[in-house]
Structures are given as structure tokens and as C-alpha cells.
1. What residue, among those in segment 537-559 that are farther than 19 Å from residue 608 by Cα and not aliphatic (A, V, I, L, M), is nearest to the chain's Cα centre (by Cα)?
2. Assuming residue 604 fulfils every condition listed in (1) among the hydrophobic types (A, V, I, L, M, F, W, C); (2) open to solvent by less than 30 Å² (accessible area, probe 1.4 Å); (3) touching a residue at least 40 places away in the same chain (Cβ under 8 Å) apart from one, which condition is it?
3. Determine, yes or no, whether residue 470 is open to solvent by less than 10 Å² (accessible area, probe 1.4 Å) and within 21 Å of residue 445 (Cβ to Cβ).
4. Could you tell me whether residue 568 is open to solvent by 40 Å² or more (accessible area, probe 1.4 Å) and either part of a loop (DSSP other than H, G, I, E, B) or under 30 Å from residue 276 (Cα atoms) (or both)?
5. Within segment 212-235, how many residues turn out to be among the polar types (S, T, N, Q) and buried (at least 21 other Cβ atoms within 10 Å of the Cβ)?
6. Would you check which residues across segment 181-203 are charged (D, E, K, R) and open to solvent by less than 70 Å² (accessible area, probe 1.4 Å) and list them?
7. Which condition number in (1) closer than 30 Å to residue 534 by Cα; (2) in contact (Cβ under 8 Å) with a residue 24 or more places away in the chain is the one that residue 381 fails?
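The values are calculated or read from the model by the stated rules, or taken from the named source; none is laboratory data. Bear in mind the structure is a predicted one, so any value in this text is a computation, not a measurement. FYI the Cβ positions are ideal-geometry reconstructions off the backbone, even for glycines, and counts take in every protein chain you see. Surface accessibility is based on the protein's heavy atoms, side chains included, excluding ligands, DNA and RNA. Shrake-Rupley method; radii C 1.70, N 1.55, O 1.52, S 1.80 Å.
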Amino acid sequence: MSERKNPFFEPYNTPHDTVPFDRIRLEDYEEAFMEGIRRDNEQIEKTINNPEKPTFDNTIINTEEDEGYYDLLSRVSTVFFNMLSAETNDEMDALAQKMQPILTQHSNDVRLNPRLFERIRQVHLHHRKLTPEEKQLLDNCYEGFVRSGALLDEAGKERLRQLTEEASMLSLQFSQNLLKENKAFQLHITDEAQLDGLPDTAREAAALAAKEQEKQGWVFTLDMPSYSPFMTYSTQRELRKQMYMARNTECTHDNSENNLDICKRLINLRREIAQLLGYKTYADYVLKRRMASKSRNVYRLLDDLIEAYKPTALQEKAELLKIANKDIEKVYPWDAGFYSHKLQMKKFNLDQEMLRPYFELSKVIDGVFGLANRLYGITFKENKDIPVYHPDVKAYEVFDKDGSYLAVFYADFHPRKGKQGGAWMTEYQGQYIDRKGENVRPHVSVVMNLTKPTEDKPALLTLGEVETFLHEFGHSLHGMFANTRFESLSGTNVWWDFVELPSQFMENYAVEKEFLRTFAFHYQTGEPLPDELIQRIVKSRNFMAATACLRQVSFGLLDMAYYTKKDEFTDDIITFEKQAWKKAIIGEQLKDTCMTVQFSHIMAGGYAAGYYSYKWAEVLDADAFSVFKRRGIFDQKTAQSFRDNILSKGGTEHPMELYKRFRGGEPTIDALLKRNGIKRKTT
């Protein structure tokens, strides 16, 4: 019997060289990490000891390409950290704690290697006859080393090592704490009377959750498919309060999962890193590589949105209070969803439960894939020979309009114990052109937490979940259509206030009649979604839109408040938070709740000093979709232009240049205001 080999060390021998999840064991990761670091170091030594004059080919490309050798560390890291978000356990978490400082130290060893940087600097100073994409890669490489401390003196480099290693560990700890806190809470109900108001879908899902745990009754969790219906429909105000407070006080309790001090330390670490590198604040450091470029431009956008949306948001609040005050004297946050539903029913006779029967998951998948086919001509075919990491995951081959292979697409739909909340797109392999000239195609994945099937019903989604699917699918198209030479410039490797354009653009289709007509059929009768319901969806599109906008703006203000600090942050996190976003808040703030300690985007997800990106990109997506509205929402010529000028280009050029090439000019806020039914005050 032959000795088993680590699957990371040899060709995968799977369809399209996809990850062999079925062959990977826990012990394989550490072995592959350490061997990957060894190979990395060996390749760097070859590069810096090369006696030839530094050139783009022998220096820059050597840091980008791998020929199947330099790739191992990236290969194992991609799989491991994707699994840490989508399918983790205590053993994986422990290994992450062990490996994180080793990996951060190695990254610092590379970026702070003076001989390697000197070769890069020489190429940057003396390069000739590079293509625009090669020039972009060179600039990114040089700037990346500088932004990682290459120009610091030895004392500065040593301090930077300490700061980055501590920050990477704390970011990991933040995420692990949040997942543990989220999964630790359950509302276990045994008295059926306490289910009053809940629709059958919520009851059945809770009964299945209880059965899976061998409990009597019904179990509700803080995962959105369980939490959201409970907060919307339950007539049990005290139970709504219990659920709300559990979710909004996560990681504030006096236990090992408390994130308050971690957040405070992360804010200070990032400030000190930025100042060590010559910037006044961490926001200044981040925004140098963003479309917004300066803090004042971010604040200008956020302030403009507050000015435009707050009057309408106050009107929305007044309407909500009017209907709620018929039952209760004072409206608390755990009442908002319940009475918003009542108001929506009164104004539009519409709620998500009416629509669920028409949004059966398999039909939604057909609709989303069909949309991509109508726009771009691509097709999807499930391939059950492609290994997956959980039975919930589906793997598809994607083919271009000429029938050629385009990408592998994974879809992971439902919540489970070892999976972070929320939704995201990721990659297992990026697109690039290898040294043989072959176009290596990407393997992309969308990970979501959508409503699960029950014993009696298939997975029936809300309209909001359909929008989530479209959002992440938009990111995946950005990855799948990538067509660049270098992997670090392909797909979603763009500035972060541009990356949300393709995703938010796709959300527009969720309320378009022509799109809904293609897939929204009743899961039992096969009847199409009635015209009357579609009309109500369209009419209610902007229901509470201003309130939702201010909520996003408040998160942007909070993010900027932390990362524009010039001095040490010593404030109480909870108190600071409530003051930081105050001008975008139109309701009462509860003293014990805290968003910061569960705000993964800005603490552990790479959006620090960048959360405004969602609103920045929303201006772009509304402006871009206005072109489709004018020419036809399935117009293939416009879609091809969007693909050619934006989706396929990755980070090969400045994003505004890419956008202007598609649009013919820079965007304005007007299309967003029009879409949301907001009338700007005139003077």
C-alpha cells in the first residue's frame, strides 16, 4: 500500500484542477503551510541572488507567477481561510491561532526584505517599454512594499512587525469570538402560544432546528433566516426584546468572547501602523488607494446623503410611530420590524411571506443563471464530479457564449454551525495567463445564509434573500469574466470603493417585472407571480428606503470616526459609537447595545476606513443601471460593454477610467436619488 501524500503537494487531478475537498485532512494544512513558506523563501533567495540586472521579468514577475512551485502557500492559504469562514470547527480555530503569527511573520519577512525591495525599486526607477497592465503591476508591487514598511529604518521595521503581528491575531480572535457568541444563543420555545403571529415557514424551520438537536418544541437562532422572521412577525414583544438584545449585545458580555478591548486595540494598532508609515491617520493610509482619495470626500458623500435622505427618513419614522402608537406608547428597536411590517401591509398589502411561495430556491437559481445568459450568453451546468466541502454546496461549470469553458462556480446556500453569518463571494483560484500562454480560468464561490428547506417544504426565499443572491452573484461575475494577464490584477482585485459596483448593480433586477417573469412561479401550482403582486413589489420598492440609507450612512460615519483618530483611542467603545453616528440616527439608542464589537467589516474584514464604499458604489450602480433602463434591462450590447469595460478588466486601470469608458462620463448622485424617490431640496 503506497504512502498517502498531502493533496496540496501534487496535482489535484480533479475536474478543472478544483480543490479536492474530499481528500484534505486537518493535518494537511500545517504541513502545506510550512512547506509553502520554505518554497517561498527559496524562490526569493533565487530572485535576490540573481547576478543579472533587475528587470520586470526576472524580479516583478517572479513575485507574481509561480510555475506550479511558488504557488503552494497561496494554494493552501486560500482553502484554509475560506474554510475558516464557511466550515470551521474547534480544531480549525486552534490551528488558525497557531498559524496566523507564523504567516504574518513570513509576510513581513518578504515585504521587509531590503535586497528584494532594492531590486523592485531599481525596476520601478528604470523600467522601459511596459504594457499598461505591466506598468500597473509594477506600480502596485512597488507601492505594496512601500505601504508595508520597506522604506522604514530597522527600528521602524521591527516595530511594524510587532504591530502587524498583533493586529492579525486580534482580527482572527475578533471573528472567532463573534461566531461563538452568535451560535451560543438559542430561543427555545415549548409553549405553542408563544409562536403567535409567526408564519408557517418560520414555525417549520424552528421545529426542524429543535428536532435536529433532539429537543421538543421550536428553536430560534440569531442566524438571519431565523432571526428576521421572528422580529417581523412575532406578537410576543418580550421575546422580540430577548432576541434583539441577544443579537445586539453579542461580544459585550463578561466572558472570553468579549470584543470591546480587542476593538480598542485594533483601532490603535492601525493608527500606529499608519503613523509609522508617514500618514496622519489610518483613513489617510487607506484612502490613498481608493477612488474617494481623501477623508473629506468620504464625509462629503455621507453628509450629502444625510441632507438628501433625512427629511424622508423622518417622515417614515412618523408613519411608523403613528401605526405603532395605536398599540404601544413607546417604540423600541425590537418593535421596528414588527410595525414596519404592519405599515407595509397597510400601504401596499405586501409582505415577504406572500412572495416566498414564488421564490423556491431551485427556481431562483434558474432565474439568476438565466439572467446571466440573457445578458452575457453564459450557461451553467452542475458537475457532481467536482468535490465540495459540504452537502449544501453545489458546483457548476460555466461556459461562455461560444461554448468555451469560462469558470467553476460554487454556491453555498444555508446557515450551519461552523459558518459565519452574512454573505460573501470568494475565490479558490483567480484568473491569469500562465507562462505557456494558457488562460487559467477562475474558481469562484458565493457563500450565503439563506432560508433552509424544511421537512415539508423546499427552501422558499424572501425577496431580500433573492437580492442577496443577486448581489453575491454580481461579485462572482466580476471574478468569472476576469481576463487579465496577472492574477493580482484580475477579477475583484480592484479598489474597494469600486468592488461593490458589479454586485449592487445586479440587485436592481430583483424588482424588474421582466426578470421576475422568468422564474417566479408558485412552487406547488406552477402559477406565475401575479401581475398585481409584481405591481405591489414595484410600488413598495422604496418602502423605508431613506431609513435604510441612513443606517448604512451611520455605519460609514462610525467607521470613519474610529480611523480618522490622530491620537490614541482611549474612549469607551459603546459611548463613542453612539456619539460617532449620531447625526444619521433618527431613533433612540439603547445604552447596552453595541455594533462595533460585531462589525466584522471594519474590524476583521478589510473594510476599515472603507465602509463608505457601499454608498459610494451605490451611486455608481444606480447611474450604470440607468443606462440599461433607457436601452432595455436585457440589452446585450450594453451588457457586453459592461463586461468589456468593467467586469473583465479587474484592477488593470484606474476604476474611474474604466467606468467612464462604459458610461461616457463620471457618475452623479441624481440616478440614485431618482431610484429611491428622493427629491433634493432646491434653493
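1. 549
2. Of the numbered conditions (1) among the hydrophobic types (A, V, I, L, M, F, W, C); (2) open to solvent by less than 30 Å² (accessible area, probe 1.4 Å); (3) touching a residue at least 40 places away in the same chain (Cβ under 8 Å), the odd one out for residue 604 is (2).
3. Numbers: open to solvent by less than 10 Å² (accessible area, probe 1.4 Å): yes; within 21 Å of residue 445 (Cβ to Cβ): yes.
Yes.
4. Taking the combined requirement at face value, the residue satisfies it.
5. Total meeting the criteria: 4.
6. Passing the criteria: 181, 183, 203.
7. Result: residue 381 passes all but (2).
Residue-by-condition table, conditions (1) polar (S, T, N, Q); (2) more than 26 Å from residue 654 (Cα to Cα); (3) in contact (Cβ under 8 Å) with a residue 24 or more places away in the chain:
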site: 119; (1), (2), (3): no, no, yes
site: 124; (1), (2), (3): no, no, no
site: 127; (1), (2), (3): no, no, yes
site: 130; (1), (2), (3): no, no, yes
site: 148; (1), (2), (3): yes, no, yes
site: 153; (1), (2), (3): no, yes, no
